[in-house]
Amino acid sequence: METTSHNNNDNAIFPDAAHDYHGHPRYTRILISLLGLLALSLIVGNLFSLKWAILLIFATAIWKTALVIRNFMHLKYEPLLIYVVIAAVILILFAFFFGVYPDIPAIPLDVTKPH
Amino acid sequence: MSKDHQAHLSLPANKVPEGRLGMWILIAGELVIFGGLIASYLEFRIRYPQWGEMAAHTSTLIGAINTVVLLCSSYTIVKAHEAAQRLDIHKVMIWMSCTVMGGLIFLVDKSIEYYHEISEGFTFTSPKLQMAGDHVGSLFWSYYYIMTGLHGTHVLVGMTVMIIIMFQIRKGQNLHRVELAGMYWHMVDLIWIFLFPLLYIAK
Amino acid sequence: MNIFPENVSTYGQELDNLFWLITVFVMIAFVVSLFVLIYPLIKYRKKPSIKAEYITGERKKHFKWVVIALALLLASDFVIMYCEHDAWDQIESVPAKADVRVGIIARQWNWIFVYPGPDGILNTSDDVIVDELNSSLHVPINKNIVFELRSQDVIHSFFLANARFKQDVLPGRTVVRWFNLTKEGKYDISCTQICGILHSKMRNFVIAESDDKYKHYIDSLYTANGHKTTSAK
Amino acid sequence: MDAISHKQSFWTKYIFSTDHKVIGMQYAIMGIIMAGVGGFLAYIFRYNLAFPGAYIPLFGHLSAMQYNAFVTCHGMIMVFWVGMPVLLSSLGNLLIPLMIGTDDMAFPTVNMLSFWIFFVSALVLLSSFFVPGGAFGGGWTMYPPFSAGGYVNKNPAFFKELFSGTSLMILAVALELVAMLMGGINFLVTTINKRAKGMTPFKIPIVVWFINIASVIFMFSVGPLVAGAFMLLFDNVLGTGFYDPARGGDPMLWEHLFWFFGHPEVYVLLLPALGVLAEVFPVFSRKPLFAYKPIVYLALVSAILSVLVWAHHQFVAGIDPRMATFFSIGTILISIPFAGIFLSFMATLWGGSIRFTVPMMWALGFIGLFLIGGLTGLYLGSNAFDIYAHDTYFVVTHFHYTLFPDIFFGFFAAVYFWFPKFTGKTLNSALGKLHFWCTFFFFNGTWFVLFFNGLAGQHRRINDYSDFSLIMKEPYMSFEKFATVCAILLILSQFIFLYNLFTSLAKAKTSVRNPWQSNTLEWLAESPPPHGNFETYPEVYRGPYDYSVPGSTEDFLPQNVPVAHGEAEAIANVQNGITTSTNTI
């Protein structure tokens, strides 16, 4: 973790303070909504039919992710560049998933045993 | 040298400081690694519906507790960052030690869960299932252990990093690193937010 | 000029034609590009007292040449795509009418051939299995031979150069492909996916022969395996 | 900053240095050493192919197992331990901070760490030759289940799973990828944050652009493979079944994971070398780079497309035929931006005043050879013909015609071009030209004939063709012998370079700063640049390729030269054809 020590000298508490400051959202409120979403996902797991349950569960998961990234990781204070990076990650993973999809889930497994 | 260099550089107003930019890129890399793992898991999850009953063996309760713990520890680390920007070193130390505690609770909780599963015979290779001829089931546990194990390793790394930083902060140095460690910790949190429904809830 | 091995399959000729078609495009592109590369080297060598022209190439006047070249390349690419698409479909999609259906199983390090038993259906207990080193797969000529490719251990690849056919054989799945050989003879089967120490010895044959010769061979197999097949039931 | 450089002891200055130049040198030297290893392996199995079973000088007799191991390791080493460090890490470390006019990388310690992780990975790889059971011999694509569950190397020793050639290979690759990831983060952050004053994005030299785009491609495509490498390692060490169909897994997953990284990797290797060309051509034709901005955009497009074409390596692997068509179209589309980049480079020559210096010759040779490699890609990109050509020597020849010019011609162009800057000495140009012509001819001699072997149906990774009647006949056997002789001469001609290198290093320093009269910022620093690079941080006023600007007496205007009065008008006049630009000096 001594990484930045060479170009940010260590004695300055905030080496590039001019750019490092940004506001803070209402963290407590975010935490409560996160826990609420968690409870929700646990409930729907038992209430609805499987398909709807999975849909709702992942909807809440994505919602939670958005809350954490935007508020806890302060994405909402970052320039467009960072949004692009995160979007690239998601798009790449989708490309991979759908590129592989026809070759694994769609193909039944049948193992040939030696005679 | 670095000071006049900083002064001399032409900084656009929306410039991300080096540490945070590097951390964002590192996080992107980590997310692609975990994403590849999760994507591979999903391919097989769709191929083998019978993985549902394997997932039923995981303890949703412990998983939920762990989620709460991680969310709360994420909360404490952002509070630590807030305090760091107020230069309130005492508060920073308190909040960060809360986060490290959270990580510790998570790991203890996780190891209790591992203990139960292993005692039920669900291990990395699950010989029990192999004997019963349920190879597909054993593959689920291989994925379960590689995903949770890799995630647990990240929790461990995050804790170590935070402890190192706490030592620096006690000397009043590198308060900006609280945020960096925090971002890493949030990433670990994010990954868990997805592992939890994938491995615990979706039966 | 026969730079290819002799073609004996119905679809092989299409691939050869495709090769020559692509070669035409490639040759044109190659000659033009070489000219674009070599000509300035001769014409614009360093001369005393002549300063180079100032061309940023970002103006339409100059960059349009690159755009034109790219458009031509893209067009020829899609011409090639269009021409090869039928060949691809023909090879990869199995015809509905299968005259002969055989199983080909790869193992380290041999190709195993499975013929349907007297019931004429593959994958039943009376199948006849030929598992000898350098053994041959007997097929009748001018018939659609549909084969199920399987592997027992690792990834192999079934390569019949004379038929222009190649297909990887992955364990855990059955790949169904076909060919139709038009000429009697004995042709090499080789494994093109590295599979171990004897990878280079994993060589068997396809023997394409007339229909009655083929029937005779199958009958000899049945008589030879008669006991085995009955005992298996 | 002088105080810093004086304080350092030998170890901190040259071994565990955080100075980007020293780290770049370390990467380059490591790459050259590994290239020696890879070349020696190539010599061994080429010899065996020409004279099967014969006694090989300097080695002895080659067993089938060794043959497989050597072909595999040759590929692995040349891609991961020569191409990556030399083109990406070495060039990136040496050039980025100097070209964007700053003192060092953003995270020097991470930079040093990345080299030493790379060093360890190289040691792990080399050690795998000496474990019982030998090095990994399953092809550089490492297709499971052959590479899983100890099919390849049976090591009788203790901890046999972990210390088998297979596991060590996987471990080495994983470490190498981690090292490159750290390097990539460094490049990106440095380029985004530490640019000199006035260096707006479109004043950055192309090579810096391309190294960063390559890093982005690498970082985003490598993730799934890292995850997959973990799974493969556990398959080997713990006996899990991620890729074993008998245990519910599927080898097709690895093929996708591998090629999802493996194809973008081609562009990761290609882009930095193209960047070198983009620096060399304008300097030696004294002319602005043709279409600077379009080139950058084309590279960005190719970066996006590069993750959408991977499965064209799996046309015959039994993937869904419709997907094959899709990926075939993707392959065609990605050929367009690269064709555009190459055409722009060629167009740069038109109307220039060309100097045939050694770096220029390497750059031109690169273009000429890569032309053949790229065009033969058309055959393989069309999935129907790929059914026949896949895994034959046609493919092998194709990617040697792309990767050899890319890695070696690109690297040598860079070496002969920047050697004066980083050592303060100059390489002998006569020897350089001899080196170039030998390499050029012997490379073609080695590979061109093998196109015909491939079309004759000669398949890969076979140590002994005695069984295959298609190959065991003329002219193909004599082609094999000819190729081998040329390959040996090709390897030998590299000693010209080593001799040139060492004799030039023994010479006295020449204090000239800008021998090629080039525009980019690194030539402003003294050569070799001291720790901290610049006396005063340069300020940038113009693009990197202002050569032969109308109205200026000098035919080059470095980036830190302010824009003169009336320059814009003069340029506009020339571009509108009001005045002619071929004015005499």
One computes Rg over Rh for segment A:23-102 from alpha-carbon atoms, with the Kirkwood Rh, and obtains 1.07
For segment D:443-483, Rg(Cα) over 2.2 N^0.38 Å is 1.07
Listing D:Ser466, D:Ser344, B:Ser73 by rising number of other beta-carbon atoms within 10 angstrom, fewest first, gives D:Ser466, D:Ser344, B:Ser73
With no solvent term and unit scatterers on the alpha-carbon positions of segment D:90-155, Debye gives log₁₀ I(q)/I(0) at q = 0.23 Å⁻¹ of -0.96
The alpha-carbon pair-distance distribution computed for the protein assembly as shown, with 10 angstrom bins and whole-percent values, is 2, 9, 18, 22, 20, 15, 9, 3, 1, 0, 0
Calculated from DSSP helices alone, with each H run of at least 4 adding -39500 (n - 2.57) and the total divided by the residues of chain C, [θ]222 nm to the nearest 500 comes to -13500 deg cm²/dmol
Connecting every pair of Cα atoms under 10 Å apart in chain C and solving the GNM, the largest mean-square fluctuation among C:Gly172, C:Gly57, C:Gly196 falls on C:Gly57
Given C:30-37, D:274-281, D:20-27, the highest-first ranking by average Cβ count within 10 Å works out to D:274-281, D:20-27, C:30-37
Shielding of D:257-270 by other chains, given as the mean Cβ count within 10 Å, works out to 1
Segment D:279-354, convex hull of Cα, quarter of hull surface, nm² -> 5.8
One can check that the equivalent ellipsoid of segment D:393-509, built from the alpha-carbon gyration tensor with semi-axes equal to the square roots of five times its eigenvalues, has lengths in Å, largest first, of 37, 13, 10
With +1 on the Cβ of every Lys and Arg and -1 on the Cβ of every Asp and Glu, the dipole magnitude of the protein assembly as shown about its Cα centre, in debye rounded to the nearest 20, is 2160
Fewest-first ordering of D:Phe115, D:Phe326 by Cβ atoms within 10 Å yields D:Phe326, D:Phe115
Averaged over residues of D:63-72, the number of beta carbons from other chains lying within 10 Å of each residue's Cβ is 2
Across all Cα atoms of chain C, Rg and the largest Cα-Cα distance (Dmax), in Å, are 26.1, 96
Under 5 Å from the placed amide H of C:Ala52, counting only residues 5+ away or on other chains, we find D:Ser353
At 25 °C and 0.890 mPa s, the Stokes-Einstein diffusion coefficient in µm²/s for segment C:12-92, with hydrodynamic radius from the Kirkwood sum on alpha carbon pairs, is 154
Any residue on another chain or 5+ positions along whose placed amide H is under 5 Å from the amide H of C:Leu137 is listed here as C:Phe205, C:Val206, C:Ile207
Net charge (Lys, Arg +1; Asp, Glu -1) of residues whose beta-carbon lies under 12 Å from that of D:Val207, D:Val207 excluded, is -2
One point scatterer per Cα, no solvent, Debye formula: log10 I(q)/I(0) for segment D:375-433 at q = 0.31 Å⁻¹ comes out as -1.17
For C:Ala98, the net charge from surrounding residues (Cβ-Cβ under 14 Å; K, R +1; D, E -1) works out to +2
Across C:9-17, the residue-averaged tally of Cβ atoms belonging to other chains within 10 Å stands at 2
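Using a cut-off of 13 Å between beta-carbons, work out the net charge of the residues near D:Ala347 (Lys and Arg +1, Asp and Glu -1, D:Ala347 not included).
After counting each charged neighbour, the total is +2.
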Asserting the computed 222 nm helical MRE of chain B (DSSP H runs at least 4 long, -39500 (n - 2.57) per run, divided by residue count, to nearest 500) equals -27500 deg cm²/dmol
Scoring segment C:100-232 by relative contact order with C-alpha pairs under 8 Å, at least six apart, yields a percentage of 28
Binned at 10 Å from zero, the C-alpha pair distances of segment D:19-575 give percents of 4, 17, 28, 27, 15, 6, 2, 0
Percent antiparallel among DSSP beta bridges confined to the protein assembly as shown, rounded to 5, stands at 65
Expressed in angstrom and rounded, the centroid-to-centroid distance over alpha carbons for segment B:109-145 and segment B:64-105 is 33
With bins of 10 Å, the percent of all Cα-Cα pairs of segment B:19-201 per bin from 0 is 9, 34, 30, 17, 8, 2, 0
Relative contact order in percent for chain B (Cα pairs under 8 Å, 6+ apart) equals 32
For segment D:465-477, in residue order, the Karplus 3J(HN,Hα) values (coefficients 6.51, -1.76, 1.60; θ = phi - 60°; whole Hz; Gly and Pro = x) are 8, 4, 7, 9, 4, 5, 9, 6, 8, 6, x, 5, 5
Residues whose built amide H sits under 5 Å from the amide H of D:Ala106, excluding neighbours closer than 5 in sequence, are D:Thr190
Answer check: segment C:100-232, Cα atoms, Kirkwood Rh, Rg/Rh ratio of 0.95
Per the helix-only model, chain D has a calculated mean residue ellipticity at 222 nm (DSSP H runs of ≥4, -39500 (n - 2.57) each, divided over all residues, rounded to the nearest 500) of -20000 deg cm²/dmol
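Read-outs: derived from the displayed coordinates by stated rules, not from any lab. For clarity, every value in this text was computed on a predicted model and none was experimentally measured. So basically every Cβ, Gly included, is an ideal-geometry build from the backbone, and we count neighbours across all protein chains shown.
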